[in-house]
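Report on one structure; see the data block that follows.
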Ligand SMILES: [Mg+2]
C-alpha cells in the first residue's frame with residue numbers, strides 16, 4: 001500500500017487527524033458483481049443494437065442511464081428510459097454470483113467496532129443496491145443510491161449527501177472507489193479518495209484489507 005501525501009500530511013493529533021467517516025462505492029468496491037454487470041450489459045447490447053465491447057469499455061462507475069445515452073445517442077428521452085428499465089430488470093434478476101469483495105466483511109466489522117460512521121454511495125438504484133448488498137450478505141447503516149440524488153457520479157452530490165446524513169464533514173471522509181468516475185465524485189466532494197484496481201486516486205489500495213490497515217493506522221496515529 002502506498003500512502004499519498006494527502007494522507008501522510010493529515011494531522012496526527014488524535015481524532016482530529018483520523019477520517020471521521022468512510023464512504024464506500026458498491027460495485028467493484030464493496031461487492032464483486034463484475035460477472036453480473038458484464039452479462040447484463042452484453043445481453044442489453046444485443047437487444048438494443050449496441051456494440052457490447054464499446055458499452056463495457058465506458059460503463060464502469062456510471063449510472064445505467066448515462067451508459068445507455070452514450071451507447072445509443074440517437075434515442076429520445078422516452079426510449080432512453082425504456083432501454084434503462086430493460087437493463088435494470090435484467091440486473092435485478094441476475095444475482096447468483098454476486099459476492100462480498102475481498103476484505104469487505106473485515107472492513108465493515110472494523111468500522112462498526114470503531115463506531116466509524118459509514119455509508120454506501122452507488123450509481124445503482126435503490127432496488128439494485130439493496131438486492132446486490134443482500135446477495136453479498138452485507139448489512140449497511142446508510143445507503144445513497146442513484147435515485148436519491150439529482151445528479152449521479154461524477155457529480156459529488158451522492159458523497160455530499162452521505163456525509164450530511166452521517167453528520168460528518170466531507171473533507172474528513174475517506175472515499176473508496178474503483179472507477180475514475182467515482183474518484184472524480186469523491187474528490188469533487190472534498191474527500192480523500194482511496195483507489196482500488198489501479199484507478200488513479202489519493203491513496204492506492206490493493207483490496208479492502210488495505211483500507212482496514214489505513215483506518216487502523218489513522219486511529220492509532
Ligand atoms: Mg464501482
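Readers should treat all values here as calculations from the given coordinates under stated rules, not as data from a laboratory. Please read these numbers as outputs of a predicted model, since none were measured by experiment. When we count neighbours, we look across all protein chains shown, and the Cβ atoms used for this are built from the backbone with ideal geometry, even at glycine.
Things worth noting here:
- Computed with the Debye formula from one identical point scatterer per Cα of the range 34-93, without solvent, the log10 of I(q)/I(0) at q = 0.18, 0.19, 0.23 Å⁻¹ comes to -0.51, -0.58, -0.87.
- One chain, two ends: residue 134 and residue 69. Fully extended at 0.36 nm per residue, the span grows by 20.5 nm beyond their Cα-Cα distance.
- Tail beyond 26 Å, pair distance distribution of the chain (Cα, percent): 33
- Counting neighbouring beta carbons within 10 Å and listing from fewest to most, the residues 106, 177, 91 come out as 106, 91, 177.
- Dividing the alpha-carbon radius of gyration of the range 115-221 by the rule-of-thumb value 2.2 N^0.38 Å gives 1.02.
- Relative contact order of the chain, pairs being alpha-carbon contacts under 8 Å that are 6 or more residues apart, as %: 29
- The DSSP beta bridges internal to the chain are antiparallel in roughly 15% of cases.
- Folded to 0 to 90 degrees: helix 157-166 orientation relative to the chain principal axis, Cα: 40
- Top of 204, 50, 18 by mean-square fluctuation, Gaussian network on the chain, Cα under 10 Å: 50
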